[in-house]
1. Residues in region 81-102: is at least one under 21 Å from E21 (Cα atoms), at pLDDT below 90 and not β-branched (V, I, T)?
2. Which pairs do you get when a residue that is over 22 Å from N79 (Cα atoms), found in region 7-35, comes within reach of a residue that is surrounded by fewer than 15 Cβ atoms within 10 Å (Cβ to Cβ) and small (G, A, S), reach meaning Cβ atoms under 7 angstrom, with the pair 6+ apart or on two chains?
3. Look through region 1-42, keep the residues that are β-branched (V, I, T) and modelled with pLDDT under 90, and return whichever of them is nearest to P65 (Cα to Cα).
4. Can you pull out the residues in region 35-82 that are among the basic types (K, R) and within 20 Å of I104 (Cβ to Cβ)?
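The values are calculated or read from the model by the stated rules, or taken from the named source; none is laboratory data. The shown structure was predicted, so the numbers you read here are calculated from the model rather than taken from an experiment. Positions of Cβ are generated from backbone atoms using ideal geometry, with glycine treated the same way; all protein chains shown enter the neighbour counts.
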Amino acid sequence: LRNALNSLQAAHAGFGVVNAENVFKVCDQPNPELIEGILASCVIKKNFDEAYVQLKRLLGRGYAPSDLMGVFFKIAQYNASNRLFSSEELQLECLRVIGELSLIHI
């Protein structure tokens, strides 16, 4: 809880406004909405070129692959929007692939 309050205070001190964008900047974590967009490009649209461009953009911003993989896993695991996966089997397959890729990058 203390860490969360520190992050909110840092966002306010640094940017003057506390919003999601500023908090993600302060915490140096990729925005989950961007990661969900990459997953949607792969799973729903089957547009891997678009997903690659988006992922390359995040890597170009300096995010570590391990940080990206952690957010990918959380998004796939919780699937809060309930729009990414048409079945539990597809969700589990996606989690398996993310897990395997995480092992490669550790």
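1. Just the residues of region 81-102 that are under 21 Å from E21 (Cα atoms), to begin with: 81.
Going one step further and asking which of them are at pLDDT below 90, we end up with 81.
If we keep only those that are not β-branched (V, I, T) as well, we get 81.
So far as region 81-102 goes, yes, one or more of its residues are under 21 Å from E21 (Cα atoms), at pLDDT below 90 and not β-branched (V, I, T).
2. Every condition considered, the pairs that remain are V26/G14.
3. Here is the first cut: in region 1-42, the residues β-branched (V, I, T) are 17-18, 23, 26, 35, 38.
Checking the rest, the ones that are also modelled with pLDDT under 90 come to 23, 26.
Working: V23: 20, V26: 18 Å.
Ranking the candidates gives V26 first.
4. Kept after step one, since they are among the basic types (K, R), are these residues of region 35-82: 45-46, 56-57, 61, 74.
Passing the criteria: K56, K74.
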